[in-house]
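Q: Take this structure, written in structure tokens, and hold onto it; I'll ask about it next.
The values are calculated or read from the model by the stated rules, or taken from the named source; none is laboratory data. Note that the coordinates shown come from a computational prediction; the quantities given were computed from them, not determined experimentally. We place every Cβ from the backbone using ideal geometry, glycine too, and count neighbours over all the protein chains shown.
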Amino acid sequence: MNQLSFRIAWRFLKSSKGQTLLILLGITIGVSVQIFIGSLIDGLQKSLVDNTIGRSSHITVEPLGREADFERNEDLIVKLQDDGRAAKIAESYSNSGFMVHDDDTWPLVMRGFEIEDADMIYRFSESLTEGALPQNQYEVMIGATLADEALLDIGDTFLAINPEGNSQEFKISGIFDLQVASINQTWAIMQIEDAQVLFSAEDRVSAIEIQIEDVFAADTIAAEWKTLIGEELQITNWKDQNASLLSGLSGQSASSYMIQVFVLLAVLLGISSVLAISVVQKSRQLGILKAMGIKDRAASWIFLAQGLILGIIGSILGTGLGLLLNWSFSIFVKNPDGTPLVPFYFDPVFVVLSMVIAIIAATLAAFIPARKSSKLNPIEVIKNG
Amino acid sequence: MADLLKLNKINKIYGEKIKTQVLFDIDLSFEAQSFNAIIGESGSGKSTLMNIIGTLDKPTSGEVLIDGISTSSMKKEQLAELRNQTIGFIFQFHYLLPEFTVLENVLMPALIKNGRVGEAERKRALELIDLVGLTRVKNNLATDLSGGQQQRTAIARSLINEPKIILGDEPTGNLDSQTTESIYALLREINHDIKSTFIIITHDQRIAEKADRILEIKDGRINMDVTK
């Protein structure tokens, strides 16, 4: 393409302002709807997935069958770390027992963690309503519901008993609220060593809990790791356990893609038809240019350049408008608690991709008019006056 | 003087089923730097002849030689280049680009030739605009001009690439007689100064008489060929 085609294209666009504005409006609305719908659905899915699995294990290595625990295997941990796809790895020892306080007894799920590792997955420190994470021996963190029912507070102690009758006194260092009623009622979070001692299970663990970067690859990664963990253990992943959520998400994605494709198609047809009309409108000018010796290729480029210019300007305006809509949606459409219904979510890859697709589509839409213009014979125009 | 343009046995037949022959075995040659007028009634085939000379139309048989080179085997792209660099067109209906100013219209063939406009072309365009007396309106859009001014712009445009041949199809066809006079005076002046070859179609006998050579086309044949 040369300066000539671009200059003529630009002047053609400038001289028929009404038509140009109409076509630009079409592209702008199309691109903005695409960006808005795409980002909205993306944001919705991200927050949904984050709410569902953001604070839990994506892939879990557990003992087979009814076994409660298995021999700790340092090699396996190192291998998982070396694999590179695991973002966070935490070993845990969990078992059920009871809490005795003031002559009352409550069922208790005692969950022993390497607190620092587990905090990265469960974000306990963000869920603390009072106190601190357990740091010293025989310190424990309990849920807000349990603390209320048992009238326990920071610094209080209680007796934890295992089913065999072994008991140990624990001191409450913190109270958490993990937003799940059953957890808030039954969990007691402690150092892994304390749990192992209480259940006489030194050097044994009940699960390796793993979060990965690419959450949607959980099933394939889990399948690959199956060979790594050996015959005695089993590996589960969140996708297998949340099939209905996933089918909901993929249904949502599919409908979002459909909307985007049809919006794009409508925009494409709009540009194509307006430019086709403009070839007829400009046939006189094209005839003159051809008589003066413009080559067919350059004549075609006049229309491709118009598509390109319209595509670039329209997609920039459309992206701005689309993001503005998204932002307004996150500001003005809120949950009862004041948090946005769908948080503002900006995916630069999606936005750039949408822009590039719109620009390519606009140029392609100009292809038919461009072909038409290259076929135009100057003699038709000269003869008809 | 050498022949710049030569037509050998040009026939033109329109139509597929019902054939209408418009030109019959036209043999013609034009000398370089000559000023030629073609006259004839409407429908005589003079415009068709002009379009064939200008490579806008192809003869059914026969060949057109420009500067000794046959155009019949040239591809569309080559013809476009030939038109751009060798032939200047002045049409009856001016055919300016309404989206562009006088200066831009005059520069358009140069822009087509080089893909860009240099300082030398710009200077030449301004000189040509001065020559046709449009300096005052050079930045007006082509649509904001009188008929005579538009035709003068078209003349300046036809000269920008210094073509060897200038073809005019009734270049004063829809202008008043006073403007017509001044346009022809201008064309003759340019012919004298720039030494381009002019081939002008006209139905105005008085104008034709000012040419070096008058050709009359009648029913697709040359009826009269007078050189002064």
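Q: Output the residue which, of all residues in region B:55-110 that are in contact (Cβ under 8 Å) with a residue 24 or more places away in the chain and acidic (Asp, Glu), is farthest from residue B:27 (Cα to Cα).
A: Going through the qualifying residues, I end up with B:99.
Residue-wise test of (1) within 21 Å of residue A:34 (Cα to Cα); (2) under 18 Å from the mean Cα position of the chain (by Cα); (3) modelled with pLDDT of 85 or more.
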| site | (1), (2), (3) |
| --- | --- |
| A:230 | no, no, no |
| A:235 | no, no, yes |
| A:238 | no, yes, yes |
| A:251 | yes, yes, yes |
| A:257 | yes, yes, yes |
| A:261 | yes, no, yes |
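Q: Would you confirm whether or not region A:185-207 contains a residue that is farther than 30 Å from residue A:71 by Cβ and either in a helix (DSSP H, G or I) or in contact with a Gly (Cβ under 7 Å, 6 or more places away or on another chain) (or both)?
A: yes
Q: Here's something else I'd like to know. Do you know which residues across region A:288-320 are buried (at least 24 other Cβ atoms within 10 Å of the Cβ) and of a type in the set (Ser, Thr, Tyr)?
A: A:315
Q: Could you say which residue among A:302, A:316, A:312 is of a type in the set (A, V, I, L, M) and either over 29 Å from residue A:288 (Cβ atoms) or within 20 Å of the chain's Cα centre (by Cα) (or both)?
A: A:316
Q: Taking strands (runs of 3 or more DSSP E) that do not extend beyond region A:74-141, which have at least 3 residues that are under 21 Å from residue A:198 (Cβ atoms)?
A: Fully inside region A:74-141 and qualifying: A:86-101, A:104-113.
Q: Test residue A:21 against the stated conditions and say whether it is modelled with pLDDT under 90 and more than 14 Å from chain B (Cβ to nearest Cβ).
A: In short, no.
Q: Output the number of the condition that residue B:142 fails; it satisfies all remaining conditions of (1) away from chain A (no Cβ under 14 Å); (2) touching a Pro at 6+ places or on another chain (Cβ under 6 Å); (3) small (Gly, Ala, Ser).
A: (1)
Q: Of the numbered conditions (1) farther than 22 Å from residue B:203 by Cα; (2) crowded, with 19+ Cβ neighbours inside 10 Å, residue B:58 satisfies every one except a single condition; which is it?
A: (2)
Q: Further, regarding this structure: Hand me the list of helices (runs of 4 or more DSSP H) wholly inside region A:291-385 holding 1 or more residues that are within 14 Å of chain B (Cβ to nearest Cβ) and among the polar types (S, T, N, Q).
A: Of the helices (runs of 4 or more DSSP H) lying wholly inside region A:291-385, those with at least 1 residues that are within 14 Å of chain B (Cβ to nearest Cβ) and among the polar types (S, T, N, Q) span A:296-332, A:367-375, A:378-384.
Q: Something else about it: So if I check each of A:83, A:102, A:75, A:50, which one is under 26 Å from the mean Cα position of the chain (by Cα), over 30 Å from residue A:331 (Cα atoms) and either modelled with pLDDT under 85 or in the same structural domain as residue A:181 (by TED's automatic domain parsing) (or both)?
A: A:83
Q: Using the structure shown, decide if residue A:4 is buried (at least 16 other Cβ atoms within 10 Å of the Cβ), at pLDDT 90 or above, touching a Gly at 6+ places or on another chain (Cβ under 7 Å) and farther than 30 Å from residue A:253 by Cα.
A: So residue A:4 does not fit the description; no.
Q: Within the group B:67, B:25, which residue is in contact with a Lys or Arg (Cβ under 9 Å, 6 or more places away or on another chain), at pLDDT below 90, over 28 Å from residue B:195 (Cα atoms) and not hydrophobic (A, V, I, L, M, F, W, C)?
A: The unique qualifying residue is B:25.
Q: If you don't mind, another one. Name every residue in region B:29-42 that is within 20 Å of residue B:190 (Cα to Cα) and either at the interface with chain A (Cβ under 10 Å from one of its Cβ atoms) or in contact with a helix residue (DSSP H, G or I) (Cβ under 8 Å, 6 or more places away or on another chain) (or both), in order of residue number.
A: B:33, B:35, B:37, B:38
Q: Out of (1) without any contact (Cβ under 8 Å) to a residue 24 or more places away in the chain; (2) of a type in the set (Ser, Thr, Tyr); (3) surrounded by fewer than 17 Cβ atoms within 10 Å (Cβ to Cβ), the odd one out for residue A:15 is which?
A: With respect to (1) without any contact (Cβ under 8 Å) to a residue 24 or more places away in the chain; (2) of a type in the set (Ser, Thr, Tyr); (3) surrounded by fewer than 17 Cβ atoms within 10 Å (Cβ to Cβ), residue A:15 is out only on (3).
Q: Of all residues in region B:161-209, count the ones that are in contact (Cβ under 8 Å) with a residue 60 or more places away in the chain and either within 14 Å of another protein chain (Cβ to nearest Cβ) or under 24 Å from residue B:68 (Cα atoms) (or both).
A: Number of matching residues: 20.
Residue by residue, here is whether (1) outside any loop (DSSP other than H, G, I, E, B); (2) within 13 Å of chain A (Cβ to nearest Cβ); (3) surrounded by fewer than 16 Cβ atoms within 10 Å (Cβ to Cβ); (4) at pLDDT 90 or above holds:
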{"residue": "B:9", "(1), (2), (3), (4)": "yes, no, yes, no"}
{"residue": "B:18", "(1), (2), (3), (4)": "no, no, yes, no"}
{"residue": "B:44", "(1), (2), (3), (4)": "no, no, no, no"}
{"residue": "B:74", "(1), (2), (3), (4)": "no, yes, no, no"}
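Q: List the pairs whose first member sits in region A:364-385 and is of a type in the set (S, T, N, Q), whose second member is crowded, with 18+ Cβ neighbours inside 10 Å and modelled with pLDDT under 85, and whose Cβ atoms are under 6 Å apart, counting only residues at least 6 apart or on separate chains?
A: Note: pairs meeting the criteria are A:373/A:279.
Q: Taking region A:326-385 only, how many residues are among the charged types (D, E, K, R) and touching a strand residue (DSSP E or B) at 6+ places or on another chain (Cβ under 9 Å)?
A: 1
Q: With the requirement that a residue be more than 7 Å from chain A (Cβ to nearest Cβ) and under 20 Å from residue B:38 (Cβ atoms), what does region B:85-104 give you?
A: B:86, B:87, B:88, B:90, B:92, B:94
Q: Now for a separate question. Evaluate region B:49-69: report whether one residue or more is under 14 Å from the mean Cα position of the chain (by Cα), among the polar types (S, T, N, Q) and in a strand (DSSP E or B).
A: Scanning region B:49-69, I find no residue that is under 14 Å from the mean Cα position of the chain (by Cα), among the polar types (S, T, N, Q) and in a strand (DSSP E or B), so the answer is no.
Q: If you don't mind, there's one more thing I want to ask. For residues in region A:18-35 being hydrophobic (A, V, I, L, M, F, W, C) and crowded, with 22+ Cβ neighbours inside 10 Å, which is farthest from residue A:331 (Cα to Cα)?
A: Here the answer is A:23.
Q: Within region A:231-254, track down each residue that is surrounded by fewer than 12 Cβ atoms within 10 Å (Cβ to Cβ), over 14 Å from residue A:58 (Cα atoms) and of a type in the set (Gly, Ala, Ser).
A: Of everything in region A:231-254, those that are surrounded by fewer than 12 Cβ atoms within 10 Å (Cβ to Cβ), over 14 Å from residue A:58 (Cα atoms) and of a type in the set (Gly, Ala, Ser) turn out to be A:244, A:247, A:250, A:251, A:254.
Q: Here's another thing I want to ask about it. Output the residue which, of all residues in region A:345-375 that are at pLDDT below 85 and exposed (fewer than 15 other Cβ atoms within 10 Å of the Cβ), is farthest from the chain's Cα centre (by Cα).
A: A:375
Q: If you go through region A:241-254 one residue at a time, do you hit one that is outside any helix (DSSP H, G or I) and within 30 Å of residue B:98 (Cα to Cα)?
A: Taking every residue of region A:241-254 in turn, none turns out to be outside any helix (DSSP H, G or I) and within 30 Å of residue B:98 (Cα to Cα).
Q: In region B:173-201, what residues are modelled with pLDDT under 85 and β-branched (Val, Ile, Thr)?
A: B:179, B:180, B:183, B:190, B:194
Q: Given B:107, B:82, which one is over 16 Å from residue A:4 (Cα atoms), of a type in the set (A, V, I, L, M) and either in a helix (DSSP H, G or I) or more than 7 Å from every other protein chain (Cβ to nearest Cβ) (or both)?
A: Answer to the check: B:82.
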